[in-house]
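A.B. asks: Encoded as structure tokens, here's the structure I'll be asking about.
The values are calculated or read from the model by the stated rules, or taken from the named source; none is laboratory data. Treat the numbers as computed from the prediction; the structure is a model and nothing was measured. Note: ideal-geometry Cβ built from the backbone for every residue, glycine included; neighbour counts use all protein chains shown. All accessible areas refer to the heavy atoms of the entire protein, side chains included, with ligands and DNA or RNA removed. Shrake-Rupley method; radii C 1.70, N 1.55, O 1.52, S 1.80 Å.
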Amino acid sequence: MIFSKAGFGGAVADFEAAVVAQDAKRSGKAFIRLQETFGRAKETELFAGGPRLAAVLEQVPPSPRAVVAVLVGACVERGADAERCAPGVLTGLRAALEGAVAFGEAWAATGGGAFPVPDDGEPGEKIVERTGFEAAVGWWTLSQWEMAAVALLNHRAVRAALDGGAVRAGLDEKAAGAGLDERAVGAGLDGATVHGQAGSGRGELLRLLTAVAQASGQELRCLSYALQVLDDEPLVVLHRPTATGYLLRLSGIGDNFQLHTLLADALIGGGHVAGRAPSPQEVAVCRETPGQVETAGSFELVAPDGGRLWNEGTPADIPVVDGVRLLVLDEPSYARSWPAGRFFPGMRGDLILERALEPEETERWLARVSPAGELTG
């Protein structure tokens, strides 16, 4: 059949029709054209093409499916509707993770050894014989699914939909009992619920990802961090040197480097505690301005039990106490600097200081934390 339309839009239409018709020869040609024409695609072609490709992903053969998912993610990065693209990509991600888990189990059952490093081609015959084709493809294409999924998870609406409206039953009551007013509970999802429920969409993907990492010894850090991003999450912060407390709310923060800078802006820049306040440029790149700017640490991030919370970690590492994440700030134990910015350049981050806690509230929270001392962890 002669292709009737040029450009990326025509390639999408031909690929879509061929996949639905299960015409392998025609879909193979259209698949090549998708990759060849993407770089020259017009904005309108990308807006329409991303959702159309995502809608047929499940019908695409396993090997090229991940490449098409990467194209969908690239369309989203250039403006296609992330929410419309998300179901197809995230369903494919889950299938790839399940395949990778099965690969690990089969690999161990057939002699084990170091996991093979995927290349640009398909898994070889010997590998397929050991693990089965679908499991091998799951492991072989997982990095591509990570790339596609992270592009979509940059969008808050996609993260919210993935949580599937998980029940926040009891959160308002917990927060009220902890001494927080109604502003502390808002419309956000309790992080303990999101990350503790294996049945939620996000929790199940994290469970599968953890199983893959344990079996392979390889961490898909970008995907892991993206799945742990918190939105509209209440955070109680205790500044131990001044015995003061603060209620904040965070959204879209990829790692604790980013959180650290935004905390310093809210508390030091806001005139609540003494120290080095980050510059406006340092703060801007941690919210939504592109690029990085050198910054320095202002605090030691500490868990309520006295354990160290590393800047390399994520806000999801902050423990939940009485239904709310609780963070202690001490004086920094050593000087440290790093490039301020966002772990996910396509994700807007924010940290809002809602109010300073009353002295009696702060005392109640301080009673829940270990005394200052040598850091653990």
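A.B. asks: What are the pairs with Cβ atoms under 7 angstrom where one residue, in segment 346-371, is farther than 17 Å from Val302 by Cβ and the other, located anywhere, is charged (D, E, K, R) and modelled with pLDDT of 95 or more? Sequence gap at least six, or different chains.
C.D. replies: Qualifying pairs under 7 Å: Gly346/Glu77; Arg348/Arg287; Arg348/Glu288; Gly349/Arg287; Gly349/Arg342; Asp350/Arg287; Ile352/Arg249; Glu354/Arg249.
Per-residue answers, yes or no, for (1) in contact (Cβ under 8 Å) with a residue 40 or more places away in the chain; (2) in a loop (DSSP other than H, G, I, E, B):
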| site | (1), (2) |
| --- | --- |
| Leu46 | no, no |
| Ala54 | no, no |
| Pro64 | no, no |
| Ala74 | yes, no |
| Gly79 | no, yes |
| Gly99 | yes, no |
| Ala102 | no, no |
| Gly111 | no, yes |
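A.B. asks: Also: In segment 147-173, how many are surrounded by 21 or more Cβ atoms within 10 Å (Cβ to Cβ) and at pLDDT below 95?
C.D. replies: Result for segment 147-173: 1.
Table: residues versus (1) surrounded by fewer than 17 Cβ atoms within 10 Å (Cβ to Cβ); (2) at pLDDT below 50; (3) not polar (S, T, N, Q).
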residue: Leu142; (1), (2), (3): no, no, yes
residue: Trp145; (1), (2), (3): no, no, yes
residue: Ala175; (1), (2), (3): no, yes, yes
residue: Val185; (1), (2), (3): no, yes, yes
residue: Leu189; (1), (2), (3): no, yes, yes
residue: Glu219; (1), (2), (3): yes, no, yes
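A.B. asks: Return the pairs, sorted by first residue and then second, in which the second residue is among the aliphatic types (A, V, I, L, M) and open to solvent by less than 80 Å² (accessible area, probe 1.4 Å), the first residue lies in segment 331-342 and is in contact (Cβ under 8 Å) with a residue 60 or more places away in the chain and more than 20 Å from Ala303 (Cα to Cα), the beta carbons are less than 9 Å apart, and the residues are 6+ apart or on different chains.
C.D. replies: Matching pairs, first to second residue: Trp338/Ala296; Ala340/Val283; Ala340/Val285; Ala340/Val293; Gly341/Val285; Gly341/Val293; Arg342/Ile253; Arg342/Val285.
A.B. asks: When only residues in segment 305-331 that are part of a loop (DSSP other than H, G, I, E, B) and open to solvent by 50 Å² or more (accessible area, probe 1.4 Å) count, which is nearest to Val369 (Cα to Cα)?
C.D. replies: Looking at residues that are part of a loop (DSSP other than H, G, I, E, B) and open to solvent by 50 Å² or more (accessible area, probe 1.4 Å), I get Asp305.
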